[in-house]
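Notes for the one structure printed next.
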Amino acid sequence: MKKGLMIILDGLGDRPSPDLEGQTALEAADTPIMDKLVSKGSCGLVDPLYPGMPVDTHTGCAALMGVAREDVKRLARGSVEATGIGLEMEPGDVVLRGNFATFDSDAVSIIDRRAGRISEGVTRLCQDLEDIVLHDGVRASVFPATHHRVVLRLRGENLSSAITNTDPGCGRAGSLMLSSQALGLADEQAVKTAKALNEFSQKAMEILANHPVNLERVSNGELPANGLLFRGAGQAFNIRNMVSYNGLKAAVVTGERTVSGLGKLSGFTVIQQPGFTGMPDTDVTGKFSAAQQALESHDLVYVHIKAPDIFSHSMDAPGKKMFLEQVDRALSDIFEEDYVIAIGADHSTDSNTGQHCGDPVPALLYSMGSRVDGETVFGETACMRGGLGRITGNGLLITMLDTMGVIANYRPFDSIFLD
Ligand SMILES: [Zn+2]
């Protein structure tokens, strides 16, 4: 069996940019190594979940990391984030992803969704938001994640994650916190949970209003973290992963909490170093070295690189192009090894709008001795013609595992993975 290396370039897929003479960042980038991998392998387009459907990082990465599509759809950001910070959870707990935010003096309008990206004092703020007793015996606790991000755990009887967000999203300043409601056909459990979340959001504001950390921030001219916004309610459940199902030992190299959470949920080794930041300053070379080292003791290793998505969100197509060139230079050593190499992405992000979009994602698959499709460059247009065709995120991984020789040597796939 061959070993596999999958590189996930977050938000890689894009649309043509006027700043790059009508090319996408990947097409405009000078990427001789990736082009060589395509020339000696094949390329194609990947729909992370369904054709045309824009998804988030946790959805797109989960599909590539082997989570069965049925489970990908149930996988909420809150559960992934909670696992990422190593939160202890009991069956029935509902967890949400949250942000400290700044509200105006009447505690109504949102001034900044991220409270000036607060990082210092977050642990102290969270300590005073632990084990808050709400109606119906529900208890709420907030735990710190990265910077302004937190995880809220609601614990009590008969709770449900079928509730809406209180976070209005990346709207303009001045928008309001939403009132959480039961999703779809309201059931009693969801109504109770939404009520608890709304009650906690108000209580948190009272606790935070005159908190010493906030008084200090205001006297320093910084935005106070005087409220919280929540989204992505989820519950703990056992996800079915086709990588672990096949008895493979896998690892993921990442600097991002969502992806490390997914790795932990899937039973993978999570490799993090201080230089792996999830930002454009991340140590790309260090990530590939860590992956090469991990391949000595693992069958399949993922490298996740967040920065292409960050550039697209900032509508900086030339920056994304330059970053992809940097990734390509860092790849040179890996090409020497006889691995099965896949390069793909969790989703496309349009540099013209700064938003995720439903366009399929360019991907390549290379293995010594595998079929060659005649394409010679790695880019969205070549991928439209490539031999991989148009497949799902799960499909790219299954194709990779088959190229590695896994499906022939290991247990056949159960019907759960073939919806
Ligand atoms: Zn994004």
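Overview of values
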| read-out | value |
| --- | --- |
| Test: residue in region 194-202 that is of a type in the set (Lys, Arg) and not in a helix (DSSP H, G or I) | no |
| Hits in region 99-110 - residues which are in a loop (DSSP other than H, G, I, E, B) and among the small types (Gly, Ala, Ser) | SER105, ALA107 |
| From the options LEU154, LEU87, LEU96, LEU125, residue that is in a loop (DSSP other than H, G, I, E, B) and buried (at least 18 other Cβ atoms within 10 Å of the Cβ) | LEU87 |
| Filter result for the condition that a residue is small (Gly, Ala, Ser) and farther than 25 Å from VAL150 by Cβ, over GLY263, GLY267, GLY275 | GLY267 |
| Matching entry among GLN202, GLN181 (being in contact with a helix residue (DSSP H, G or I) (Cβ under 6 Å, 6 or more places away or on another chain), open to solvent by 90 Å² or more (accessible area, probe 1.4 Å) and either of a type outside the set (Lys, Arg) or at pLDDT below 95 (or both)) | GLN181 |
| Tabulated pairs, region 330-357, first under 21 Å from GLY4 (Cα atoms), second basic (Lys, Arg) and not in a loop (DSSP other than H, G, I, E, B), C-beta under 9 angstrom, 6+ apart or interchain | ALA330/LYS287; PHE335/LYS36 |
| Hits in region 245-268 - residues which are under 17 Å from GLY393 (Cβ atoms), small (Gly, Ala, Ser) and surrounded by fewer than 24 Cβ atoms within 10 Å (Cβ to Cβ) | ALA250, SER266 |
| Subset of region 1-52 (residues that are outside any loop (DSSP other than H, G, I, E, B) and acidic (Asp, Glu)) | ASP19, GLU27, ASP35, ASP47 |
| Qualifying residue in region 298-317 (condition: more than 16 Å from the ligand (Cβ to nearest atom), free of Cβ contacts under 8 Å to residues at least 12 places away in the same chain and of a type outside the set (S, T, N, Q)) | no |
| Positions within region 1-28 being away from the ligand (no atom under 16 Å from the Cβ) and open to solvent by 10 Å² or more (accessible area, probe 1.4 Å), in sequence order | MET1, LYS2, LYS3, PRO16, PRO18, ASP19, LEU20, GLU21, GLY22, GLN23, GLU27, ALA28 |
| Per-region count, region 344-388, residues outside any strand (DSSP E or B), within 16 Å of the ligand (Cβ to nearest atom) and buried (at least 21 other Cβ atoms within 10 Å of the Cβ) | 4 |
| Matching residues in region 275-317 - criterion: being at positive phi and buried (at least 21 other Cβ atoms within 10 Å of the Cβ) | GLY278 |
| Positions within region 323-343 being in contact with a helix residue (DSSP H, G or I) (Cβ under 9 Å, 6 or more places away or on another chain) and either acidic (Asp, Glu) or within 15 Å of the ligand (Cβ to nearest atom) (or both), in sequence order | PHE323, ASP328, ASP333, GLU337 |
| Residue match in region 320-331 (condition: assigned to a strand (DSSP E or B) and open to solvent by less than 10 Å² (accessible area, probe 1.4 Å)) | no |
| Test: residue in region 207-224 that is open to solvent by less than 30 Å² (accessible area, probe 1.4 Å) and closer than 27 Å to ALA162 by Cα | no |
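Listed here are the residues, each with its yes/no results for (1) at pLDDT 95 or above; (2) of a type in the set (Asp, Glu).
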{"position": "ASP281", "(1), (2)": "no, yes"}
{"position": "PRO308", "(1), (2)": "yes, no"}
{"position": "HIS313", "(1), (2)": "no, no"}
{"position": "MET322", "(1), (2)": "yes, no"}
{"position": "SER332", "(1), (2)": "no, no"}
{"position": "ASN352", "(1), (2)": "yes, no"}
{"position": "LEU365", "(1), (2)": "yes, no"}
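The values are calculated or read from the model by the stated rules, or taken from the named source; none is laboratory data. The structure displayed is predicted, hence computed values, not measured ones. No Cβ is skipped: glycine too gets one built from the backbone with ideal geometry, and neighbour counts run over all protein chains shown. Remember, those area values only see protein heavy atoms, side chains included, never the ligands or the DNA or RNA. Shrake-Rupley method; radii C 1.70, N 1.55, O 1.52, S 1.80 Å.
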